[in-house]
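Visitor: To start, I am sharing the structure in question, which I have written as structure tokens.
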Amino acid sequence: MTENFGTIPSRAEKYFVYRTRSGKSLIARKPALILNGSGQKKSMQEDVRRAVTYAEFACEEPIYQCKAVGTSNSAYNLAVADALGGPQVLDIDIHGWNRKAGQTILIKARDNFMVLSVHLVIRRGETILEEGEAEQSELEGLIWRYTLQTLVERKPGLTLEASAYDLPGNVGRYSIELR
């Protein structure tokens, strides 16, 4: 990917690298060479290794290939980015919940590519009162709806924990405790 554009003045050579990507010429800051990596750097290296391994297999999947059509990104690049970016649960909305079965709890979740599923657990202490999969709203892609199956009293000490999953298996969690 790196292309040599002839002689570069030695002063610029210390600070910049020249590259061609998707037919465009780019100039970028030269990466810093760190010989003794910190724990955080090694953790990031492991994340990148895991993402590259995932992308080597996942880039053949139609979902990544379709998303790459018409963009400067390849299916492989999209798969790496998806594996590096985990989903986030942004909010759990319980405003319409008044302890009856059949009522809906709204969960807001997002990912840089796609949220595959959202799981909700309702517990009091270590006791699980109810759990199950939420369904994605047809109108709003960020909203997932969980319908209560049983009567769960809304009392202090109750914890609701939502977990969002993406295609590479990353998990994002968010919980609220009623007081």
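Read-outs: derived from the displayed coordinates by stated rules, not from any lab. The model shown is predicted, which means the values in this text are computed figures rather than measured ones. Please note: Cβ atoms are built from the backbone with ideal geometry, for glycine as well, and neighbour counts cover all protein chains shown.
Visitor: Could you pull the Cα extents of segment 38-84 along its three principal axes, largest to smallest, in whole Å?
Guide: Rounded to whole Å, the extents work out to 39, 19, 10 Å.
Visitor: Translational D (Stokes-Einstein, µm²/s) of the chain at 25 °C and 0.890 mPa s when Rh comes from the Kirkwood sum over C-alpha pairs? Don't jump to the answer; show the numbers that get you there.
Guide: Values: Rh = 19.8 Å.
Using the Kirkwood radius from Cα pairs, D works out to 124 µm²/s.
Visitor: By how many nm would the segment from LYS155 to ILE176 grow when fully extended, if each residue of separation counts as 0.36 nm and the alpha-carbon distance is taken off?
Guide: Details: separation 21, 0.36 × 21 = 7.56 nm, distance 1.26 nm.
Result for the pair: 6.3 nm of gain on full extension.
Visitor: For segment 88-177, what mean projected area does the convex hull of the alpha carbons give, in nm²? Let's see the in-between values first.
Guide: Values: hull surface 22.5 nm².
That works out to 5.6 nm², a quarter of the Cα hull's surface.
Visitor: Using r as the Cβ-Cβ distance of THR127 and GLU46, and R0 as 41 Å, what FRET efficiency do you calculate, to the nearest 0.05? Present the calculation step by step, with values, prior to reporting the outcome.
Guide: Numbers: r = 36 Å, r/R0 = 0.87.
Working from the Cβ atoms, E equals 0.70.
Visitor: Based on the mean of other beta carbon atoms within 10 Å per residue, what is the order of 145-157, 83-95, most packed first? Could you put the intermediate results ahead of the total?
Guide: Numbers: 145-157: 13.3, 83-95: 17.4.
Sorting 145-157, 83-95 by mean packing, highest first, produces 83-95, 145-157.
Visitor: Which ³J(HN,Hα) values in Hz, rounded to whole numbers, follow from the phi angles of segment 125-138 under the Karplus curve 6.51 cos²θ - 1.76 cosθ + 1.60, where θ = phi - 60° and Gly and Pro get x?
Guide: Residue by residue, segment 125-138 yields x, 9, 8, 7, 8, 6, 7, x, 8, 8, 10, 6, 5, 6 Hz.
Visitor: Per DSSP helix of 4 or more residues, -39500 (n - 2.57); summed, then divided by the residues of the chain. What does that give at 222 nm, rounded to the nearest 500? Walk me through the intermediate numbers first.
Guide: Details: 4 runs with 43 residues, N = 179.
About -7000 deg cm²/dmol.
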